[in-house]
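Encoded as structure tokens, the structure appears first; notes follow it.
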Amino acid sequence: QKEVEQDPGPLSVPEGAIVSLNCTYSNSAFQYFMWYRQYSRKGPELLMYTYSSGNKEDGRFTAQVDKSSKYISLFIRDSQPSDSATYLCAMSANSGYALNFGKGTSLLVTP
Amino acid sequence: DAGVTQSPTHLIKTRGQHVTLRCSPISGHKSVSWYQQVLGQGPQFIFQYYEKEERGRGNFPDRFSARQFPNYSSELNVNALLLGDSALYLCASSLPSSTDTQYFGPGTRLTVL
């Protein structure tokens with residue numbers, strides 16, 4: 001079993017929909033949680049960074065971490081076609097150390 | 001400010017050859033990490049360097065090696081290339097602070113024939 005599980009999708013939604021992306025993990029030592037967005041054949045771009053449990057909001061994006069369930073989520077409100085990309089969750093036990101990534105979820109937002 | 005830069009962008013090699021990939025971190029960042037991303041998968045950690053010292057190594061064979069230079073740039077070397085080494089190689093840099101995050105470059109796409 002991989003330490004980080006993420007449904008690869010693809011996930012297709014109409015423009016304006018609320019998107020929910022999720023990851024589960026098995027290593028209880030993970031404390032730092034990130035979401036990256038990756039466009040085709042490009043490097044990952046950091047979207048959200050959260051330490052420990054709780055919620056964090058940035059514009060249309062909200063990240064949630066539930067350490068008791070070992071479950072993290074990313075919500076995208078008012079989704080746009082430009083949000084079409086692969087979304088990668090990543091986590092680590094120690095700040096600045098090796099990141100453990102999920103497989104990524106492919107999202108398509110249709111006009 | 002310029003982001004993380006990597007060179008070359010694309011590379012085609014044949015089995016058994018050697019390859020060197022280069023990375024320049026964001027100005028002020030002292031830590032560099034290397035990841036391998038095979039098509040359809042998330043990035044896998046290969047190495048991390050901080051202040052020219054190896055700080056971590058992932059589950060990769062000894063054919064993979066890296067180093068960091070005094071200006072904090074880094075090289076990833078892969079010997080005796082295999083077909084399975086075909087991937088996007090990503091470099092990420094970060095500050096050495098307690099809440100640092102890793103910022104990725106565009107990657108080098110390596111194809112082994």
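Read the figures in this text as sums done on the coordinates, not as results from a lab. Source: prediction; values computed, not measured. Ideal geometry is used to build each Cβ from the backbone, glycine not excepted, and the neighbour counts take in all protein chains shown.
Results, tabulated for the structure shown:
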item: Estimated dipole of the protein assembly as shown in Debye, rounded to 20 [Cβ of Lys and Arg +1, of Asp and Glu -1, Cα centre]; result: 520
item: Amide H contacts under 5 Å for B:Arg55, placed H, 5+ residues apart; result: B:Gln48, B:Tyr49, B:Tyr50
item: Dipole of region B:1-102, positive end: most advanced residue of B:Tyr50, B:Gly16, B:Phe60 [Cβ charges, Cα centre]; result: B:Gly16
item: B:Thr14-B:Val38 pseudo-label distance in nm [points 7 Å out on the Cα-to-Cβ vector]; result: 2.4
item: Long-range lysine pairs (8 or more apart or interchain), the protein assembly as shown, Cα under 17 Å; result: 7
item: Order of B:His18, B:His29 under a 10 Å beta carbon neighbour criterion, fewest first; result: B:His18, B:His29
item: Spacing of the two label points (7 Å from each Cα toward its C-beta) at B:Leu82 and B:Leu113, in nm; result: 2.2
item: For B:Phe69, net neighbour charge (Lys/Arg +1, Asp/Glu -1) across residues whose Cβ lies under 12 Å away; result: +2
item: Chain A, relative contact order [Cα under 8 Å, separation at least 6], %; result: 37
item: Within 10 Å of each Cβ in A:35-43, the average number of Cβ atoms from other chains; result: 4
item: Karplus (6.51, -1.76, 1.60) ³J(HN,Hα), θ = phi - 60°, over region B:5-20, in Hz, Gly and Pro reported as x; result: 10, 9, 9, x, 6, 10, 8, 10, 10, 10, 3, x, 6, 10, 9, 10
item: Shape of chain B, Cα gyration tensor, a/c cut at 1.5; result: prolate
item: Inter-chain shielding of B:33-42 (mean C-beta neighbours from other protein chains, 10 Å cut-off); result: 4
item: Order of B:Tyr89, A:Tyr71 - criterion: other Cβ atoms within 10 Å of each residue's Cβ, fewest first; result: A:Tyr71, B:Tyr89
item: Residue-averaged beta-carbon neighbours from other chains (10 angstrom radius) around B:51-58; result: 1
item: Cα gyration tensor category, rounded, prolate or oblate, for the protein assembly as shown with a/c compared to 1.5; result: prolate
item: Spin-label proximity, A:Thr110 to region A:74-88 - amide N less than 17 Å from point 7 Å beyond Cα toward beta carbon; result: A:79-85
item: Residue exposure sequence - A:Thr105, B:Thr111 - by fewest surrounding Cβ within 10 Å; result: B:Thr111, A:Thr105
